[in-house]
Every structure is written in structure tokens, then in C-alpha cells.
Amino acid sequence: MLTDYHVHLRPDGKGTSAEKFFTSDNVARYREAAEEAGIAELGVSEHIHRFHAALDVWDHPYWCQNAADDIDEYVEFVREETDLRLGIEADFVPGREDQMANLLERFEWDYVIGSVHFLRGRAVDMKGAFDIWGRGESPDKVWKRYFETLAESARSGMYDIIAHPDLVKVWGDKHACPDADPRRYYEAAVEAFAESGVAVEVSTAGLRKPVGEIYPARAYLEMVVEAGCPIALSSDAHEPEHIGYGYDQALELLGEVGVTELSVFERRERRTEPIG
Ligand SMILES: [Zn+2]
Ligand SMILES: [Zn+2]
């Protein structure tokens, strides 16, 4: 069994309306790409910040700019007009856990993916007005805070999968990477993953980013496996061409670190299936 769960039906950015992309034709393109890649378990996980309802959780200006759609319509579309698993990518916003939990509880997801993109309102992976980098904070400080926040997200109990668990490395260059052995940052997160029983995402999206490396880094994945955490495999596709992207490299890595099973989700119940 191969999975691709962390999937967006539309690219980020302007002009990517729900009307244009939440369609049976578009889903058929994704399904076809999945079949070609040998991926039987396909699900979608739109960004929660693209829905109006998310503004009750957080009123960050980036969310305000992007909240254009109706979450009920998304859920209805996926459940009634597709055979895809129903997921959502929901940011962890410290201090707004109750509001996020209330929103998530309104729907019967197959899985909820937790992610950390923002630290105190600044994004680790976004150029422009909200960029965290280049504002005088050392990479050490940003990394520390990133992994602590990721640990908190796992402990919140809101999530089935923790996404791209070292997204903070996305730029891959000196101004955004500390000199120290990164394992010292991973520890807090791995401990929280193990305690909470959450699945950890192996994401090939990093291969498409400046860092050019799978999330999580190999040393980090080894720690995750050592701690006994379940693994979820995804591409974080934003277009059909990304489905199963770089899976040959991911499967090689998984094999090398001794992962033989992947997490499969249905109505927030997790089971494991042999990879293949
Ligand atoms: Zn993400
Ligand atoms: Zn995503």
C-alpha cells in the first residue's frame, strides 16, 4: 500500500478559487496521477486558512487575505462527489487550541494534519511581509522555537499526522540554518510525538524546495523510528503532477531506516499497512 494524504486540490496563491478546483474533473486528474504512481490511498487536506471559518480561530493578516471559501462546501464536495479520503491541514496556533478544536470537531474527517508554518505570527517558509528570517533573530532561536511549537502541536491531541516536521529547514541556506548538530533540536519534538502517539509525516515536498531534501532529515527520521512513532507518507501536492513526487527516494530512505509499514486513516482511526 502507498498513500498520499497531504494533498491540495489547488495551488496556493491568487486565482485558485474553489469553483475552479473543487470539481470532479480536477479530482479525476489527481486520481489518474495516483494510479500511475501506484498510490491506492489518496486523500485531500486543504489549508484551513482558505476557509472563512478559520478566522474565528486566528485573525492573522495572511489568513484574512486568504479566507475565501466555505468549509462546509469543501467537506460536502469531497464526501459526496469524490472517493477521496477527507482531510484538512490545520495550523497549530498556540493559545487558540480551543477555537481550533471546536472548528475541527464540526466535521467527520478521515484525518487531521497539523502543521507549524508560523511562529508568533511570522512564517518560516514564506518570503515577504510575514517572513521570520532576516529580522535579527538567530537561526538557533528560530529552530528552537519551531521544534518546541511542533512538540506542543503533537501534545495538543488535535492531530492525527504532524506535517513536514522540519519545515524550518526549507530555505537550506546559511541565514536560516544553525551551525549546531540539528539533533539537539529534534529531541523535544520526537519525545512529544512518541508520547502523543501521533503519526509523523515523511514528505517529499522538501525535494521541490530550495533545501532539496525530504522532510524529515534522515537523522531526525531515525530518531522518530527509534521512538516507535507511526509514519505517514505524502507529497504535499498542490497539482496533479506532484502526486507521489519523489516517492522512489522516500521509499529508499524509509527502507534504509527500517520502516516497513505506513499509517492508513479512516474516520480518524489509524491502522498500518505494509509498504508496497
Ligand atoms: Zn504545510
Ligand atoms: Zn500542505
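Can you give me the relative contact order of the chain as a percent, contacts being Cα pairs under 8 Å and 6 or more apart? Write down the numbers at each step before the final one.
Details: 508 pairs, mean separation 58.9, N = 276.
It comes to 21 percent, rounded to a whole number.
Given a cut-off of under 8 Å on Cα pairs at least six residues apart, what relative contact order in percent is computed for segment 117-276? Mind showing how you got there, number by number?
Numbers: 240 pairs, mean separation 28.9, N = 160.
The value is 18 percent.
Work out the length of the dipole vector of the chain about its Cα centre, built from +1 on the beta-carbon of each Lys and Arg and -1 on the beta-carbon of each Asp and Glu, and round it to the nearest 20 debye. If you can, show how the numbers build up before the last one.
Numbers: 29 positive and 54 negative charges, 207 e Å.
It works out to roughly 1000 debye.
Please list, in chain and number order, the residues 5+ apart from E213 or on another chain whose amide H is under 5 Å from its amide H, with Hs placed from the backbone.
Excluding prolines and chain starts, which carry no amide H, the hits are L207.
Once you've got the Cα coordinates, tell me which of K144/K169; K127/K174; K20/K127; K174/K209 are over 22 Å apart.
Values: K144/K169 12 Å; K127/K174 16 Å; K20/K127 26 Å; K174/K209 15 Å.
Listed pairs above 22 Å: K20/K127.
Please identify the trypsin sites (Lys or Arg not before Pro) of segment 116-169 that satisfy two criteria: DSSP loop assignment and at most 10 other Cβ atoms within 10 Å. Which are they? Numbers along the way, then the final one.
Working: sites: R120, R122, K127, R135, K141, K144, R145, R155, K169; in loops: R120, K127, R135.
For trypsin sites (Lys or Arg not before Pro) across segment 116-169 that sit outside H, G, I, E and B with at most 10 neighbouring Cβ atoms in 10 Å, the list reads R120, K127, R135.
Would you calculate a helix-derived [θ] at 222 nm for the chain, using -39,500 (n - 2.57) for each DSSP H run of n ≥ 4 and dividing by the full residue count, to the nearest 500?
On the way: 9 runs with 92 residues, N = 276.
Estimated from H runs of four or more residues: -10000 deg cm²/dmol.
Below 8 Å between Cα atoms, with a sequence gap of 6+, how large is the relative contact order for segment 216-276 in percent?
Values: 48 pairs, mean separation 17.5, N = 61.
Once divided by the residue count of segment 216-276, the mean separation gives 29 percent.
Whole Å is fine, so just give me how far the alpha carbon centre of segment 154-176 lies from that of segment 37-94.
19 Å
Hey, what do the phi angles of segment 262-269 turn into as Karplus ³J(HN,Hα) couplings, whole Hz, using 6.51/-1.76/1.60 and θ = phi - 60°, x for Gly and Pro?
Running phi through 6.51 cos²θ - 1.76 cosθ + 1.60 with θ = phi - 60° gives 10, 7, 10, 10, 8, 6, 6, 9 Hz.
Please work out the average accessible area per residue across the chain, using the 1.4 Å probe convention, and give it in Å². All intermediate terms of the calculation are to be shown ahead of the outcome.
Values: 11780 Å² over 276 residues.
Accessible surface, normalised per residue, equals 43 Å².
So, counting K/R as plus one and D/E as minus one, what does the shell of residues with Cβ under 14 Å around P216 add up to? Don't skip to the end; give the middle numbers.
On the way: positive: K169, R183, K209, R218; negative: D166, E187, E201, E213, E222, E226, D236, E256.
Net charge in that neighbourhood comes out at -4.
How much net charge surrounds D131 when only the other residues with a Cβ under 10 Å from the Cβ of D131 are counted, with Lys and Arg +1 and Asp and Glu -1?
Neighbourhood net charge equals +2.
Which cross-chain or sequence-distant (5 or more) residues have an amide H under 5 Å from the amide H of Y5, H modelled 1.01 Å from N in plane?
Residues meeting the criterion, in which the H sits 1.01 Å from N, are G43, S235.
If you keep only loop residues by DSSP, which trypsin sites (Lys or Arg not before Pro) in segment 228-276 have at most 15 other Cβ atoms within 10 Å of their Cβ? Please list the in-between numbers first.
Values: sites: R267, R268, R270, R271; in loops: R267, R268.
Answer by residue number: R267, R268.
The values are calculated or read from the model by the stated rules, or taken from the named source; none is laboratory data. Only a predicted model underlies this, so the values are computations on that prediction, with no experimental measurement involved. Because the Cβ atoms are built from the backbone with ideal geometry, glycine has one as well, and the counts that use them run over all protein chains shown. Note: areas computed on protein heavy atoms with side chains; ligands, DNA, RNA excluded. Shrake-Rupley method; radii C 1.70, N 1.55, O 1.52, S 1.80 Å.
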